[in-house]
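Visitor: My structure is below; once you've seen it, I'll send some questions.
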Amino acid sequence: MKTSLHGLHRKLLIGAAALAALAPAWADKKAETDKALVERGRYLVQIAGCNDCHTAGYAERGGKVPEKDWLTGDAVGWRGPFGTTYPVNLRLYVEKMTEADWLKRVQTFETRPPMPWFNVRAMAERDQRALYHYLKAAGPAGKPAPAFLPPDKAPPQPYFQFPS
Ligand code: HEC
């Protein structure tokens, strides 16, 4: 009995040592995956148009906005029969979100116009994750965008007017 327990103990020790030896390789692989996801996210926010609305001046200046200011939201509202909406500051939006929170939100949300929630929901989960990793890597910046205004409230200038 004593010997077999001893043997088991030895096996466990060997197992633990093997795991410890593997750990750095696993950590490297994870860092690499995260880096790839961040890069993918960076690419997506450019080609999927997130910057066009969520980065002040981006569309008007042909994308010439420093990356440190990307996705910090916009105070120019979008007014229509639905009220006036403001592109949220996504850098602050994800600040307290886990990846699971983000995925749950973007896989089920339905916002007011002109946010193309249907495009984000149609993305592959890997791409939705990439957006999250990009936003997290960029870190919090800027201030929150103005709050939504109901249809009977006139927004301050400037704002975009939707045909009603
Ligand atoms: C045409 C402008 C426009 C584009 C393009 C756009 N957004 Fe938005 N987004 C908005 C507006 C406006 C809101 C606020 C909507 C509201 O108040 O209901 C918003 C809200 C959001 C929200 C918060 C939703 C919530 O209520 O929890 C997320 C997340 C978001 N956008 C992500 C993205 C991502 C990711 C992209 C790029 C794929 C993107 N948006 C592209 C305008 C835009």
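Visitor: With Cβ to Cβ distances under 12 Å as the rule, what net charge do the other residues near residue 50 carry (K, R +1; D, E -1)?
Guide: -1
Visitor: Modelled label-to-label distance, residue 59 and residue 112, 7 Å Cα→beta-carbon offset: nm?
Guide: Result for the modelled spin labels: 1.7 nm.
Visitor: I would also like to ask the following. Once the piece of chain linking residue 126 and residue 157 is laid out straight, how much longer is it, given 0.36 nm per residue of separation minus the C-alpha distance between them? Could you put the intermediate results ahead of the total?
Guide: Values: separation 31, 0.36 × 31 = 11.16 nm, distance 3.85 nm.
Result: 7.3 nm gained on full extension.
Visitor: Going by average Cβ neighbours within 10 Å, how do the peptides 46-55, 28-37, 84-93 rank, with the highest at the top?
Guide: Order by mean packing, descending: 84-93, 46-55, 28-37.
Visitor: How much length, in nm to one decimal, is gained on full extension between residue 34 and residue 101, taken as 0.36 nm per residue of separation minus their Cα-Cα distance? Could the numbers behind the result be given before it?
Guide: Values: separation 67, 0.36 × 67 = 24.12 nm, distance 1.77 nm.
Between residue 34 and residue 101, full extension yields 22.4 nm more.
Visitor: Within the set of other residues whose C-beta is less than 12 Å from the C-beta of residue 97, count the net charge using Lys and Arg as +1 and Asp and Glu as -1.
Guide: Neighbourhood net charge equals +2.
Visitor: Specify the angular offset, from 0 to 90 degrees and rounded to the nearest 10, of the alpha carbon long axis of helix 2-47 from the longest principal axis of the alpha carbons in the chain.
Guide: With both axes taken from Cα atoms, the answer is about 20 degrees.
Visitor: Taking a threshold of 18 Å on the Cα-Cα distance, which of the pairs 30/136; 30/68; 104/136 fall above it?
Guide: 30/68
Visitor: Rounded to two decimals, what is the ratio between the C-alpha radius of gyration of the chain and 2.2 N^0.38 Å?
Guide: 1.50
None of the figures in this text is laboratory data; all of them are computed from the coordinates on show. In this text the structure is predicted, and so the values were computed from the model without any measurement. No Cβ is skipped: glycine too gets one built from the backbone with ideal geometry, and neighbour counts run over all protein chains shown.
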